[in-house]
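J.: Please read through the structure below; I'll follow up with questions.
The values are calculated or read from the model by the stated rules, or taken from the named source; none is laboratory data. Nothing here was measured: the structure is a model prediction, and the numbers come from that model. Glycine also receives a Cβ, built like all others from the backbone with ideal geometry; neighbour counts cover every protein chain displayed. Remember, those area values only see protein heavy atoms, side chains included, never the ligands or the DNA or RNA. Shrake-Rupley method; radii C 1.70, N 1.55, O 1.52, S 1.80 Å.
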Amino acid sequence: MLLVLLLFCLAGAGCAVRQPARVADIRMLPQDAGVYLAHIKGPIFDPARQAAYFQQFKDRFFRPWHRTDPKHSAEIVFSGLKKYRLKSLYGENNLPLSPDFLDSMARQSQPDIYPLRHQPAITVTHAAIRVFPTHKPVFFGPLHPGRGFPFDMMQNSLVPAGTPVLVTHESKDRLWALVETDWVAGWVRYQEIAAVDAAVMADYSAHPLAGFRADQVPVIPEHSPPVFSGRVGMALPMKEPASDTGFVTVLAPARNHLGNTELVEARVRDHGIQRLPFPATPDNFAEILNALMGQTYGWGGLYENRDCSALIQDVFAGFGLPLPRNSKDQADFGETISLEGLSGPEKQSLIRTQGVPLQTLLYMPGHIMLYQGVDPASDQPVICHAMWGITTRPPFSTRSGRLVVGRTVITTLEPGKEQFPRVQPQDLLVEKLTRMVLLN
């Protein structure tokens, strides 16, 4: 009887696909980026190279306003209508969606008359970019790890307030606009954007850009409540540098009653914002990374959090590097060194000898990480990444699970190794790595 009860408990544990993280790396390794960068002297990037990258960053930032045609074809922007017909789809109640769901999204999206609009605009809040014109979530499988919450398949990305966009289309009910930046396209609610004219574009483009050194930094017009909060990776025009009052003056876009942009002068505490690009020093990198350390994982920017590629993009934006949004595209950004066909120890040795801290990305399909250097205590390579979890293979279960981490952390390339046999060697990050990317 006792044996039967034990087997029942083990089988039940196998069905619990989400378990809180008990990962030794996170307990043992200092979650302070500065610990691993203290020995680095001088700039991380060559100043001339950084200046060239920043020019690309600015060009890319403002490019949607100067585009004469949409960047993306109808086949690309409406690809979800075809892709998701092959999937089982579930709603927020974990029940299958109505068979009419995709048909209703097709009717709302009006793909046959794309592009319907061509209007330069700007985000006036942190805008969730959606695959279809709906705020409702869509999941692939509530009971399967990586397919249920928080992996809302409608969530494409988050675009910060103050980002130039181009409106290329609108939904049938005229509540949603299809917009594109230079790195992402998707649907936003109209109240999240405002139209811009030539005068607004000229004024907004005439000032140096400033970036934020932390999240939740209030952007406050005079005699008014904050219009929104600044966040790492975001840029706003700086009208006046820091004064003896301790504030920087920026231009913040607001939407008026006609749906057009009004630029308002707003103040930001000088310790939370700085002219772009930030000097690429180890101390500055450590400060930005530490400001994001421990933050909750957010698939596609869900709930204004970050997934792995958003973390990488936002960190490097402050230093003027125009990295793509998607992890696969980021892995194509620099010089690639293949890790395929190597054993775990061989990969670690190659990373240790050829990887350069803060200049090296490590990629596996679906996940990207920033190489921090070597842990002084263990001499192991360490990484900073926004991590959802670690694959587990519970006993007496054919279904894999997840040891959920769910936040930005510093780990080795083998987080969860101590959880064997629940975490198998083939499921460790180091075994899945396929390439190393040198950014400089």
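J.: Quick check on segment 397-412: of everything there that is open to solvent by 10 Å² or more (accessible area, probe 1.4 Å) and among the hydroxyl-bearing types (Ser, Thr, Tyr), which residue is modelled with the highest pLDDT?
T.: Ranking the candidates gives Ser400 first.
J.: All but one of (1) more than 30 Å from Tyr204 (Cβ to Cβ); (2) of a type outside the set (Val, Ile, Thr); (3) open to solvent by 50 Å² or more (accessible area, probe 1.4 Å); (4) out of contact with any strand residue (DSSP E or B) (no Cβ under 8 Å at 6 or more places or on another chain) hold for Gln31; which doesn't?
T.: Of everything listed in (1) more than 30 Å from Tyr204 (Cβ to Cβ); (2) of a type outside the set (Val, Ile, Thr); (3) open to solvent by 50 Å² or more (accessible area, probe 1.4 Å); (4) out of contact with any strand residue (DSSP E or B) (no Cβ under 8 Å at 6 or more places or on another chain), Gln31 misses just condition (4).
J.: Follow-up question, since we're still on this one. Going through segment 333-354 one residue at a time, which ones are of a type outside the set (S, T, N, Q) and touching a residue at least 40 places away in the same chain (Cβ under 8 Å)? Break it down stepwise before answering.
T.: Quick first cut of segment 333-354, residues of a type outside the set (S, T, N, Q) only: 333-335, 337, 339-342, 344-347, 350-352.
Phe333, Gly334, Glu335, Ile337, Leu339, Glu340, Gly344, Lys347, Leu350, Ile351, listed by residue number.
J.: Taking the stated definitions as given, is Gly141 surrounded by fewer than 21 Cβ atoms within 10 Å (Cβ to Cβ), assigned to a loop (DSSP other than H, G, I, E, B) and in contact with a Pro (Cβ under 6 Å, 6 or more places away or on another chain)?
T.: Spelling it out, it is not the case that Gly141 is surrounded by fewer than 21 Cβ atoms within 10 Å (Cβ to Cβ), assigned to a loop (DSSP other than H, G, I, E, B) and in contact with a Pro (Cβ under 6 Å, 6 or more places away or on another chain).
J.: Here is a follow-up. Anything in segment 326-340 that is out of contact with any strand residue (DSSP E or B) (no Cβ under 6 Å at 6 or more places or on another chain) and open to solvent by less than 70 Å² (accessible area, probe 1.4 Å)? List them, or say none.
T.: Across segment 326-340, the qualifying residue is only Phe333.
J.: Of all residues in segment 329-340, how many are more than 10 Å from Leu433 (Cα to Cα) and either modelled with pLDDT under 95 or not hydrophobic (A, V, I, L, M, F, W, C) (or both)?
T.: Applying the first criterion (more than 10 Å from Leu433 (Cα to Cα)) to segment 329-340 yields 329-337.
Imposing the further condition that a residue be either modelled with pLDDT under 95 or not hydrophobic (A, V, I, L, M, F, W, C) (or both) reduces the set to 329-330, 332-336.
Qualifying residue count, segment 329-340: 7.
J.: Looking at Thr398, is it among the hydroxyl-bearing types (Ser, Thr, Tyr) and within 20 Å of the chain's Cα centre (by Cα)? Give the steps one after another, and end with the answer.
T.: Values: among the hydroxyl-bearing types (Ser, Thr, Tyr): yes; within 20 Å of the chain's Cα centre (by Cα): no.
For Thr398, the condition - among the hydroxyl-bearing types (Ser, Thr, Tyr) and within 20 Å of the chain's Cα centre (by Cα) - is not met.
J.: Applying the selection to segment 418-435, what residues are over 30 Å from Gly34 (Cα atoms) and surrounded by 18 or more Cβ atoms within 10 Å (Cβ to Cβ)?
T.: Correct list: Arg422 only.
J.: Still on this structure: From the set of residues in segment 146-159 that are at pLDDT below 95 and open to solvent by less than 20 Å² (accessible area, probe 1.4 Å), which is nearest to Glu262 (Cα to Cα)?
T.: Only one residue fits best here, namely Pro150.
J.: Further question on the same structure: Can you tell me which of (1) in contact with a Gly (Cβ under 9 Å, 6 or more places away or on another chain); (2) open to solvent by 20 Å² or more (accessible area, probe 1.4 Å); (3) modelled with pLDDT of 95 or more; (4) closer than 22 Å to Lys82 by Cβ is the one Ile129 doesn't meet?
T.: Exception for Ile129: condition (2).
J.: What number goes with the only condition from (1) open to solvent by less than 30 Å² (accessible area, probe 1.4 Å); (2) not in a strand (DSSP E or B); (3) not acidic (Asp, Glu) that Ile368 does not pass?
T.: With (1) open to solvent by less than 30 Å² (accessible area, probe 1.4 Å); (2) not in a strand (DSSP E or B); (3) not acidic (Asp, Glu) applied to Ile368, the lone miss is (2).
J.: Being in a strand (DSSP E or B), buried (at least 18 other Cβ atoms within 10 Å of the Cβ) and not β-branched (Val, Ile, Thr): is that true of Ala286 here?
T.: Numbers: in a strand (DSSP E or B): no; buried (at least 18 other Cβ atoms within 10 Å of the Cβ): yes; not β-branched (Val, Ile, Thr): yes.
Considered against the rule, which asks whether it is in a strand (DSSP E or B), buried (at least 18 other Cβ atoms within 10 Å of the Cβ) and not β-branched (Val, Ile, Thr), Ala286 comes out as no.
J.: From the list Pro394, Pro357, Pro376, Pro415, which one is open to solvent by less than 50 Å² (accessible area, probe 1.4 Å), assigned to a loop (DSSP other than H, G, I, E, B) and modelled with pLDDT under 95?
T.: Working: Pro357 fails: modelled with pLDDT under 95; Pro376 fails: open to solvent by less than 50 Å² (accessible area, probe 1.4 Å); Pro415 fails: modelled with pLDDT under 95.
Step by step, each of Pro394, Pro357, Pro376, Pro415 is checked, and only Pro394 is open to solvent by less than 50 Å² (accessible area, probe 1.4 Å), assigned to a loop (DSSP other than H, G, I, E, B) and modelled with pLDDT under 95.
J.: Separate question: For segment 160-193, name all the residues that are surrounded by fewer than 21 Cβ atoms within 10 Å (Cβ to Cβ) and either part of a strand (DSSP E or B) or more than 18 Å from the chain's Cα centre (by Cα) (or both).
T.: Result: Lys172, Asp173, Arg174, Leu175, Arg189, Tyr190, Gln191.
J.: Further question: Of the residues in segment 379-391, how many are within 23 Å of the chain's Cα centre (by Cα) and open to solvent by 30 Å² or more (accessible area, probe 1.4 Å)?
T.: So the answer is 1.
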